[in-house]
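Structure first, commentary second.
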Amino acid sequence: MWWTFAFLNVFCLHGLAFDILVYAPRMMQSHVYFTARIANVLATRGHKVTVIDNIFRYDVDNELSSDIDQILNVEPSPQVTQLLSTGSLPTILWNSKASPEEQRAIMEGLGHVHRLQCAHLIQNTTLIPKLQEMKFDFAIHEVFDSCGTGILEVIGVQKTVIVSSTGPMDVVPISLGISDTLSTPSLLSDYGSFLSFYEKRRNLKFLSAMLNFHEMQDAMISPLFKTHHGLKRSSVEIMRQANLLFYNIHEGSDGMRMRGRRSYDIGGIAFKGHKNLSSEYQKLLSDRRPKVLVSFGTAATSSHMPENLKKSLLNAMKQMTNVLFIWKYESEDDFTKGEESITNVIFKKFMPQTDLLASGKINLFITHCGQNSLLEAFHSGIRVLAVPLFGDQHRNAKLAKENGLVEVLPKADIEVSSKVINAVRNGLLPNEKIEKNLIRVSSLLQNAKENAENLLISTIETTYSTDFPPNFSKFPKNYHPNTLIRVIDSAIAIVFVLVGFLIVKTFRKKLV
């Protein structure tokens, strides 16, 4: 009877097949692959998926499957190509600090890149007219790039799905009214699951920095959309018509976020299938020494690390001759060429991170604490030494440490080789608490990919099986963090004035 059920499944799917548009900006690897994976899952399911591949960087692969019906490529803006080729962005990320002011500056820099690419896309004379001729049942867009909301509006797509390759971008829960602005740690902050009374104001400044990132994009993009395509609404107003939200988080490692209706966690959906390692890596992993994998992601690359940090980190590695380090270092430069005789440090421009972590032969993973890297490490039960650099990485590290899953090496400590050595040695020593927690989370993540795919498919097919799915337009908006900062500062000022008045009044009475 199996063929009967298979036939019914195909028949039912045919009746539910949707025309779906996916907006996928190709900038950060983790953002790109998460969105691409969603597109691939829906296409494999039998839906007709069209992807807008908005290319910022050719060195980032989106890995779209052959099941995708159509891929509409948008070439990089010459200005964006020139800006990214200077290497200034990763250098800025490496030199940044976990303060609201510096995170705001970083996000403004990233926002500038996104604005330039969006302006380039808007002035494309063929893409948007072509999309306007096509019919889509609904569209999916990555919230990090505000350009997607404008595109969907001008081509007339009213039903939308917001996806976030990290935890919830602050602009989403605040604009859609699904979190408490005053009590929810910002994605950019260095806070974990709890805010003390005194931390709330500083956290509001982090929230303001993230909202400023989107507001700056909107300030430049909206007039261009209005001029070229008659756009009338802001990105926040457009965003509130969304029907669903999907986040790249898993409750096993990040269960502290407030959840709202129609918002779902699909962390694990971006897990890649494991491939056999090459003979070169198999030989490396056969080494009897403990093995440490070192990778800082694709945004703040190792090759752009400040020279003093690189030298200190390498010096620490060289002193631990009984440990084998496999370091993802993206360039063949004077730094690596001068160290070819080292026997315990292997430099790799590219390495199969997922497959190495899944091999069971890696003893410690030194990482920037990006969301995908963390989930991959937890899935494989690998000990993690977190070195957060920017964006959501500080919060990821803080929350993972609170949950007893990682140890943290502050970036500034890399400058002192002895601190690196102590951190690595501690990471290689048995730790019953961390290992027990890793076993628990790893077991939860074993079926995360399949569960996330099923949740994505069932939620989308159920939601869009009706002509008028509910959206967030009726949800109350939360207060803007800048408004709350002004209220808090005004209240503090009033208290000081009253206290001062009472002191002066009391002093005068004593004089009389």
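The values are calculated or read from the model by the stated rules, or taken from the named source; none is laboratory data. Nothing here was measured: the structure is a model prediction, and the numbers come from that model. Please note: Cβ atoms are built from the backbone with ideal geometry, for glycine as well, and neighbour counts cover all protein chains shown.
A few notes on this one:
- Conditions (1) touching a Phe, Trp or Tyr at 6+ places or on another chain (Cβ under 6 Å); (2) in a helix (DSSP H, G or I); number of the one not met by Ala270: (2)
- Selection within the stretch 140-165 - in contact with a Gly (Cβ under 8 Å, 6 or more places away or on another chain) and buried (at least 24 other Cβ atoms within 10 Å of the Cβ): His141, Glu142
- The single condition from (1) under 17 Å from the mean Cα position of the chain (by Cα); (2) surrounded by 18 or more Cβ atoms within 10 Å (Cβ to Cβ); (3) small (Gly, Ala, Ser) that Gly109 fails is (2).
- Annotation note: Cβ proximity below 8 Å between a residue of the stretch 67-83 that is in the same structural domain as Leu131 (by TED's automatic domain parsing) and in a loop (DSSP other than H, G, I, E, B) and a residue that is exposed (fewer than 15 other Cβ atoms within 10 Å of the Cβ) and not small (Gly, Ala, Ser) (sequence gap 6+ or interchain) occurs for Pro76/Tyr58.
- Reported count of residues in the stretch 460-512, each being under 22 Å from Thr184 (Cβ atoms) and part of a loop (DSSP other than H, G, I, E, B), is 10.
- Residues of the stretch 191-244 that turn out to be free of Cβ contacts under 8 Å to residues at least 12 places away in the same chain and in a helix (DSSP H, G or I), as a count: 9
- Put simply, of Leu64, Leu21, Leu93 the only residue that is crowded, with 17+ Cβ neighbours inside 10 Å, of a type outside the set (Gly, Ala, Ser) and assigned to a helix (DSSP H, G or I) is Leu93.
- Sole residue being out of contact with any His (no Cβ under 7 Å at 6 or more places or on another chain), among the acidic types (Asp, Glu) and touching a residue at least 40 places away in the same chain (Cβ under 8 Å), chosen from Glu133, Glu153, Glu142: Glu153
- Screening the candidates Lys477, Lys510, Lys505 for the property of being within 25 Å of the chain's Cα centre (by Cα) and of a type in the set (Lys, Arg) yields one hit, Lys477.
- Which numbered condition Val292 fails, given (1) in contact (Cβ under 8 Å) with a residue 40 or more places away in the chain; (2) assigned to a helix (DSSP H, G or I): (2)
- Every residue from the stretch 179-189 that is crowded, with 22+ Cβ neighbours inside 10 Å and either touching a Gly at 6+ places or on another chain (Cβ under 9 Å) or assigned by TED's automatic domain parsing to the domain that holds Leu389 (or both): Pro185, Leu187, Leu188
- Residues satisfying the stated conditions in the stretch 112-161, i.e. assigned to a loop (DSSP other than H, G, I, E, B), more than 18 Å from the chain's Cα centre (by Cα) and within 17 Å of Leu72 (Cβ to Cβ): Gln123, Asn124, Thr125, Thr126, Met134, Lys135, Phe136, Ile155, Gly156, Val157
- Candidate set from the stretch 250-265 (those that are modelled with pLDDT under 90 and of a type outside the set (D, E, K, R)); member that is nearest to Leu405 (Cα to Cα): Ser253
- Any hit, the stretch 110-126, residues being at pLDDT 90 or above and farther than 23 Å from Gln82 by Cα: yes
- Whichever residue in the stretch 389-438 is among the acidic types (Asp, Glu) and without any contact (Cβ under 8 Å) to a residue 24 or more places away in the chain and, among such residues, is nearest to Thr166 (Cα to Cα): Asp413
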